[in-house]
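The values are calculated or read from the model by the stated rules, or taken from the named source; none is laboratory data. These figures come from a predicted structure and were not determined experimentally. With ideal geometry, Cβ positions are generated from the backbone for all residues, glycine too; neighbour counts draw on all protein chains shown. Surface accessibility is based on the protein's heavy atoms, side chains included, excluding ligands, DNA and RNA. Shrake-Rupley method; radii C 1.70, N 1.55, O 1.52, S 1.80 Å.
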Amino acid sequence: MIYKIYPLLVFLLLSFGEDSKNTPELKNTTNKNIAKVEKNLTVDAKIESIYKTLDTNNFNVPELKTFTEALKGFYLLKERGIVQKNILTLIDFSLSSNTKRLWVIDMTTNKILFNSLVAHGRNTGEEFASAFSNINSSFKSSLGFYATGEIYRGKHGASLRLDGLERGLNDNARERGVVMHGADYVSESFIRDHKRLGRSQGCPALPVELTDEIIETIKDKSCLYIYHPSRSFTMEERLIS
């Protein structure tokens, strides 16, 4: 790991003269920066180890970068008691909607439980998701971290309420009625007929045949993360306390 932090160490040392290095305040700042880098590298190494030992259950695996972002958020939310279950659901909206881009992972057993198709909002894009919103009636998906809520029965049958955890990004999810539900347009047959998956009004819709099992598994305070590379800030900057 030393070689990874060496460039930062050089930068920090060159940034301060000999007199500066003897200043307690600057020494403390330097030490804190180095400790933060070392901590981040330790976390990254731990996550990479988890990733490499995932029990794939014969499913495809998410990209390491996406998995890393999701797991860092999962750890933080668990630490703060915002999510309680050791279940992580990851949706990668950088991928084609024609691919299985949702994963449900049991972090206790390190096993992928489900890998499924999932829809994005009709105004978020065609085959690929590209535009996102936190506004009512936008018919767009919202990115970021969520805590799963309770199951209820609505027009789509069993559905799972979602609470957005990031201010200005997805915190209107419950008010907007953004929930996880089943839909017949989330299917391989729909893709064959229309060359892309169907789209929702902003909900992460699932194949009908998997809905009950997935939402029963992830309900009641588990972590859901919806990823897209356009997201350019950390969760801590927007996390609802």
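By its C-alpha gyration tensor, with a ≥ b ≥ c as the square roots of the eigenvalues, how is segment 60-181 shaped: rounded for a/c under 1.5, else prolate for a/b larger than b/c, else oblate? Write down the numbers at each step before the final one.
Numbers: a/c = 1.43, a/b = 1.18, b/c = 1.21.
In terms of gyration-tensor shape, rounded.
Backbone geometry of segment 110-120 corresponds, through the Karplus equation with coefficients 6.51, -1.76 and 1.60 at θ = phi - 60°, to 3J(HN,Hα) couplings of 6, 10, 6, 8, 9, 9, 9, 5, 7, 8, 10 Hz, x marking Gly and Pro.
Residues whose amide H falls under 5 Å from that of Leu113, counting only those 5 or more places apart or on a different chain, are Val104, Ile105, Asp106, with hydrogens built in the peptide plane.
Which pairs break 30 Å Cα to Cα here: Lys46/Lys140; Lys46/Lys85; Lys85/Lys195; Lys78/Lys111; Lys85/Lys140?
Working: Lys46/Lys140 34 Å; Lys46/Lys85 20 Å; Lys85/Lys195 37 Å; Lys78/Lys111 18 Å; Lys85/Lys140 28 Å.
Over 30 Å apart, Cα to Cα: Lys46/Lys140; Lys85/Lys195.
With every protein chain in place and a 1.4 angstrom probe, the accessible-area ranking of Tyr227, Tyr185, largest first, reads Tyr185, Tyr227.
Per-residue Karplus couplings for segment 201-213, computed as 6.51 cos²θ - 1.76 cosθ + 1.60 with θ equal to phi - 60°, are listed in order as 9, x, 7, x, 7, 10, x, 4, 5, 9, 4, 4, 5 Hz, Gly and Pro entered as x.
Proximity of backbone amide H atoms, modeled 1.01 Å from N, is registered between Ser133 and Ser141, Ser142, Leu143 at under 5 Å, excluding neighbours fewer than 5 places apart on the same chain. For segment 174-241, applying the loop criterion from DSSP together with a ceiling of 12 other beta carbons within 10 Å to the trypsin sites (Lys or Arg not before Pro) yields Lys195.
What segment 171-228 shows is 43 Å² of accessible area per residue, with the surface traced by a 1.4 Å probe over protein heavy atoms. Size descriptors for segment 112-208: radius of gyration and Dmax over Cα atoms are 13.0, 38 Å.
Looking at segment 121-159, which trypsin sites (Lys or Arg not before Pro) are in a loop (DSSP not H, G, I, E or B) and have at most 16 other Cβ atoms within 10 Å? Walk me through the numbers on the way to the answer.
Working: sites: Arg122, Lys140, Arg153, Lys155; in loops: Arg122, Lys140, Lys155.
Qualifying residues, ordered by number: Arg122, Lys155.
Measuring only protein heavy atoms, the 1.4 Å probe finds Asp106 accessible over about 30 Å².
Across segment 61-68, coupling constants 3J(HN,Hα) worked out from phi with the 6.51/-1.76/1.60 Karplus curve, θ = phi - 60°, read 10, x, 5, 4, 4, 5, 4, 4 Hz, and Gly and Pro carry x.
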